[in-house]
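Q: Once you've had a glance at the structure underneath, I'll fire off some questions.
The values are calculated or read from the model by the stated rules, or taken from the named source; none is laboratory data. Note that the coordinates shown come from a computational prediction; the quantities given were computed from them, not determined experimentally. Cβ sites come from the backbone with ideal geometry, for glycine too, and all protein chains shown count toward neighbours. Remember, those area values only see protein heavy atoms, side chains included, never the ligands or the DNA or RNA. Shrake-Rupley method; radii C 1.70, N 1.55, O 1.52, S 1.80 Å.
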Amino acid sequence: MGGSFGKCYDPSGSQFGIPTYPWRYAPKGLATRRQLRARGLRPGGQPIAAQVLRPRYRRGPLTAYLYRVDRAKKVRPMTPAKWAALAKANRARRTCPKCLSDAGYVIPTSLGMCVPCAYPDEQRAA
């Protein structure tokens, strides 16, 4: 093993404290949070089983934590109350505090109001 591959290969965990593998070389049975979610699973409180490192030029390596697939739990389904709370939160993000209308898009935090209220002169000219 040479170069950056050898720096990221530590299956015993002696260098980093947990087993470490190079990018795309993780053993079967381990998955990242996103990979678990794609399978309809979640870590479910289990500790991190290993990590994957991807070296980068002039910066620290990218790290992805791995969890055991056999210990993962199913994702909890959304309840009607959670759906309602999510809809209410999204509606609040679309409502302009100045004109109190639904903008039809999420209002940018940099403006703090809908675009027509933030730039009234430019809207009249158009």
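Q: If we keep just the residues of region 86-110 that are among the small types (Gly, Ala, Ser) and touching a residue at least 12 places away in the same chain (Cβ under 8 Å), which is surrounded by the fewest Cβ atoms within 10 Å (Cβ to Cβ)?
A: Ser101
For (1) outside any strand (DSSP E or B); (2) within 27 Å of Ser14 (Cβ to Cβ); (3) touching a Lys or Arg at 6+ places or on another chain (Cβ under 8 Å); (4) open to solvent by less than 70 Å² (accessible area, probe 1.4 Å), each residue gets a yes or a no:
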position: Pro47; (1), (2), (3), (4): yes, yes, no, no
position: Gln51; (1), (2), (3), (4): no, yes, no, yes
position: Leu62; (1), (2), (3), (4): no, yes, yes, yes
position: Leu66; (1), (2), (3), (4): no, yes, no, yes
position: Ala84; (1), (2), (3), (4): yes, no, no, yes
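Q: A follow-up question, please. Exactly one condition in (1) on the phi > 0 side of the Ramachandran plot; (2) at pLDDT below 90 is false for Gly45; which is it?
A: Unmet condition: (2).
Q: When you scan region 56-69, how many residues do you find that are more than 21 Å from Gln35 (Cα to Cα) and in contact (Cβ under 8 Å) with a residue 40 or more places away in the chain?
A: Within region 56-69, residues that are more than 21 Å from Gln35 (Cα to Cα) and in contact (Cβ under 8 Å) with a residue 40 or more places away in the chain number 0.
Q: Could you list all residues from region 68-82 that are under 23 Å from Thr20 (Cβ atoms) and surrounded by 12 or more Cβ atoms within 10 Å (Cβ to Cβ)?
A: Looking only at region 68-82, we keep the residues that are under 23 Å from Thr20 (Cβ atoms), and these are 68-72.
Residues satisfying the conditions are Arg68, Val69, Arg71, Ala72.
Q: Continuing with the same structure: Taking the condition farther than 30 Å from Leu30 by Cβ and of a type in the set (Lys, Arg), does Lys74 pass?
A: Answer is no for this residue.
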